[in-house]
Amino acid sequence: MNKVSALLHARHLPGAGVPCVVHFAGDVLVVDGPEQFDVPADSLQVSTGGFHDDTLFVSWARAADQYSLVITDLSAQRELAASAPSALRAAFGRGRRELDYHRGKWTAVLSMLGLIGIGLLVGWWQSEAIIGWLASKVPLEREERLGAMGLAQLRIDADLQEGGAAVEAVAEIGSRLTQGSRYQYQWFVNDDAAINAFALPGGIVVVNAGLIAATETPEELAGVLAHEVQHVEGRHALEQMIHSAGWAAFLAVTLGDVSALGGVLIHQAGSLRHSRQLELEADSEGVKNLARAGISPHGVAQFFKRMEAEQARTGGESVIALLSTHPATGDRLEEAAALADATPCDCQPLQYDWNAIREAVKKEGTDSPALE
């Protein structure tokens with residue numbers, strides 16, 4: 001005799017039900033509680049339900065009242081079903097199958113939600129690694145096509161110089177820094193007073209005239225160019241675009257539909273703020289690249305230090321866009337300077353009339369602040 005606990009419900013009983021103990025004695029269900037019943041098995045109805053679809057109901061009518069047993073404990077459900085008379089075994093069997101199905105369903109749902117939660121947590125924790133992996137899967141020709149779309153939009157929105165001493169200097173220094181690259185680099189000077197430089201996917205580097213005017217030596221410009229080259233080589237601009245635009249951008253680029261992203265890219269290109277990890281990577285690899293090219297690797301740290309000092313002197317009023325898109329913290333600058341000191345370099349000074357180049361870009365209407 002397998003007795004199991006249940007809750008007895010009826011209209012005249014408390015709404016929460018009253019505890020009772022039930023068992024089958026032959027073809028009779030014995031209910032032992034505040035009221036005692038011997039209920040013939042052929043008058044019982046078996047069903048399942050509840051908020052989580054995990055409750056067994058055994059119901060019957062007695063005189064003018066409708067009674068119902070509510071059993072939520074899994075082991076109690078199984079014990080009562082096992083002791084049911086043959087006439088009810090089919091009904092209990094259906095009920096058990098329904099309960100098992102719903103329990104499996106909810107277990108699967110909760111497991112899926114748990115996996116999604118874990119996936120989101122891991123995705124947040126490893127977001128940069130995941131985005132880097134996605135960027136690495138974009139075919140090179142698609143990346144170059146995306147850069148070309150951005151450049152076409154930039155030609156409309158900006159005043160790009162494609163000749164002159166400044167453009168020649170940028171291209172010559174840049175070519176020394178990109179020997180053996182998989183990209184066919186293109187170099188442009190933008191007639192813009194903002195102190196900034198940025199890279200588009202596929203090997204397109206744009207330097208504002210204001211930045212050239214703000215440098216004191218060609219080595220400082222070379223340091224900035226080396227930094228931007230590493231953003232290209234590491235596909236950082238592509239990573240940040242995927243981070244900003246999400247899966248839609250990744251799928252569009254991967255599948256070749258880049259036409260809709262040209263405007264988005266150029267809107268973001270000059271204002272992409274790379275993470276500290278990407279900035280450190282560009283710093284480190286840029287210093288090594290400068291040394292390989294025989295150019296002093298101290299230029300970028302010197303330039304950023306002067307920019308920070310100038311912004312501090314003016315109380316942040318002078319807009320140095322490069323500092324907002326490439327945050328140059330004191331620790332970063334010290335690390336870059338220490339790496340430059342520790343990197344062997346057979347360096348030779350770059351042979352340019354730098355004052356003449358700076359004056360040339362100033363005279364072209366940039367009104368760029370000269371940071372002497």
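The values are calculated or read from the model by the stated rules, or taken from the named source; none is laboratory data. Since the model is a prediction, treat every value here as computed from it, not as a measurement. Note that each Cβ is placed from the backbone with ideal geometry, even for glycine, and that neighbours are counted across all protein chains shown. Protein only, heavy atoms only, side chains kept; ligands, DNA and RNA dropped before computing areas. Shrake-Rupley method; radii C 1.70, N 1.55, O 1.52, S 1.80 Å.
Residues being in a helix (DSSP H, G or I) and more than 32 Å from the chain's Cα centre (by Cα): count how many of those fall in the range 278-307. Explain how you work it out, then say what you get.
Our first condition is that a residue be in a helix (DSSP H, G or I); within the range 278-307, this holds for 278-292, 299-307.
If we keep only those that are more than 32 Å from the chain's Cα centre (by Cα) as well, we get 291-292, 299, 302, 306.
Result for the range 278-307: 5.
All but one of (1) modelled with pLDDT under 85; (2) under 50 Å from the mean Cα position of the chain (by Cα) hold for Ile71; state the number of the condition that does not hold.
Against the list (1) modelled with pLDDT under 85; (2) under 50 Å from the mean Cα position of the chain (by Cα), Ile71 comes up short only on (1).
Any residue in the range 160-168 that is open to solvent by 50 Å² or more (accessible area, probe 1.4 Å) and of a type outside the set (D, E, K, R)? Full working, then the answer.
Step one: list which residues in the range 160-168 are open to solvent by 50 Å² or more (accessible area, probe 1.4 Å), which gives 162, 165, 168.
Filter once more, so that each one left must be of a type outside the set (D, E, K, R): 165.
Yes, the range 160-168 contains a residue that is open to solvent by 50 Å² or more (accessible area, probe 1.4 Å) and of a type outside the set (D, E, K, R).
Just give me the residues in the range 31-40 being more than 19 Å from Glu79 (Cα to Cα), assigned to a strand (DSSP E or B) and in contact (Cβ under 8 Å) with a residue 24 or more places away in the chain, in sequence order.
Our first condition is that a residue be more than 19 Å from Glu79 (Cα to Cα); within the range 31-40, this holds for 34-37.
Checking which are assigned to a strand (DSSP E or B) leaves us with 36-37.
Answer for the range 31-40, where residues must be more than 19 Å from Glu79 (Cα to Cα), assigned to a strand (DSSP E or B) and in contact (Cβ under 8 Å) with a residue 24 or more places away in the chain: just Phe37.
Only one of Val319, Val258 is within 17 Å of Gly210 (Cα to Cα), of a type in the set (A, V, I, L, M) and either open to solvent by 60 Å² or more (accessible area, probe 1.4 Å) or at pLDDT below 85 (or both). Can you tell me which? Walk me through it before giving the result.
Values: Val258 fails: within 17 Å of Gly210 (Cα to Cα).
Exactly one of Val319, Val258 is within 17 Å of Gly210 (Cα to Cα), of a type in the set (A, V, I, L, M) and either open to solvent by 60 Å² or more (accessible area, probe 1.4 Å) or at pLDDT below 85 (or both), namely Val319.
So which residues in the range 41-64 are assigned to a strand (DSSP E or B) and closer than 19 Å to Gln77 by Cα? Give the derivation first.
Looking only at the range 41-64, we keep the residues that are assigned to a strand (DSSP E or B), and these are 45-49, 55-62.
Listed by number, the residues that qualify are Gln45, Val46, Ser47, Thr48, Gly49, Thr55, Leu56, Phe57, Val58, Ser59, Trp60.
State which residue pairs qualify: first residue open to solvent by less than 10 Å² (accessible area, probe 1.4 Å) and inside the range 277-306, second residue of a type in the set (S, T, N, Q) and not in a loop (DSSP other than H, G, I, E, B) in any location, beta carbons under 6 Å apart, and separation of 6 or more residues or different chains.
Ala282/Gln230; Gly286/Gln230
State all residues of the range 178-206 that are buried (at least 18 other Cβ atoms within 10 Å of the Cβ) and of a type in the set (S, T, N, Q); if no residue qualifies, say none.
Thr178, Asn190, Asn196
Among the residues of the range 74-117, count how many are surrounded by 14 or more Cβ atoms within 10 Å (Cβ to Cβ) and modelled with pLDDT of 80 or more.
10
Just checking, which of Ser136, Ser175 is open to solvent by 10 Å² or more (accessible area, probe 1.4 Å), at pLDDT 95 or above and more than 18 Å from Glu359 (Cβ to Cβ)? Show your work before the answer.
Details: Ser136 fails: at pLDDT 95 or above.
None of the other options fit; the residue is Ser175.
Consider Ile242 carefully, then state whether it is modelled with pLDDT under 95 and under 22 Å from the mean Cα position of the chain (by Cα). Talk me through it step by step, then tell me what you get.
Details: modelled with pLDDT under 95: yes; under 22 Å from the mean Cα position of the chain (by Cα): yes.
Yes; evaluated as a whole, the condition is true for this residue.
Suppose we keep only residues that are part of a loop (DSSP other than H, G, I, E, B) and of a type in the set (D, E, K, R) within the range 145-203. Which one would you say is farthest from Glu308 (Cα to Cα)? Write out each step before concluding.
Taking the range 145-203 as the starting set, the residues that turn out to be part of a loop (DSSP other than H, G, I, E, B) are 158-159, 162-164, 178-185, 191-196, 201-203.
Next cut, of a type in the set (D, E, K, R) only: 159, 162, 182, 191-192.
Numbers: Asp159: 27, Glu162: 30, Arg182: 34, Asp191: 23, Asp192: 20 Å.
Once the filter is applied, the top-ranked residue is Arg182.
So for the range 17-30 (the condition being out of contact with any helix residue (DSSP H, G or I) (no Cβ under 9 Å at 6 or more places or on another chain), in a loop (DSSP other than H, G, I, E, B), at pLDDT 85 or above and closer than 18 Å to Ala76 by Cβ), does at least one residue qualify?
First, the residues of the range 17-30 that are out of contact with any helix residue (DSSP H, G or I) (no Cβ under 9 Å at 6 or more places or on another chain): 17-21, 25, 30.
Those left that are additionally in a loop (DSSP other than H, G, I, E, B): 17.
Add one more test, that the residue is at pLDDT 85 or above, and what stays is 17.
Retained after the next criterion (residues that are closer than 18 Å to Ala76 by Cβ): 17.
Checked the range 17-30: at least one residue is out of contact with any helix residue (DSSP H, G or I) (no Cβ under 9 Å at 6 or more places or on another chain), in a loop (DSSP other than H, G, I, E, B), at pLDDT 85 or above and closer than 18 Å to Ala76 by Cβ.
I'm told Val224 meets every condition in (1) open to solvent by less than 10 Å² (accessible area, probe 1.4 Å); (2) modelled with pLDDT under 90; (3) of a type in the set (A, V, I, L, M, F, W, C) except one. Can you identify the failing condition by its number?
Among (1) open to solvent by less than 10 Å² (accessible area, probe 1.4 Å); (2) modelled with pLDDT under 90; (3) of a type in the set (A, V, I, L, M, F, W, C), the lone unmet condition for Val224 is (2).
Might you let me know whether the range 49-61 holds any residue that is surrounded by fewer than 18 Cβ atoms within 10 Å (Cβ to Cβ), over 18 Å from Ser86 (Cα atoms), at pLDDT below 85 and among the small types (Gly, Ala, Ser)?
yes
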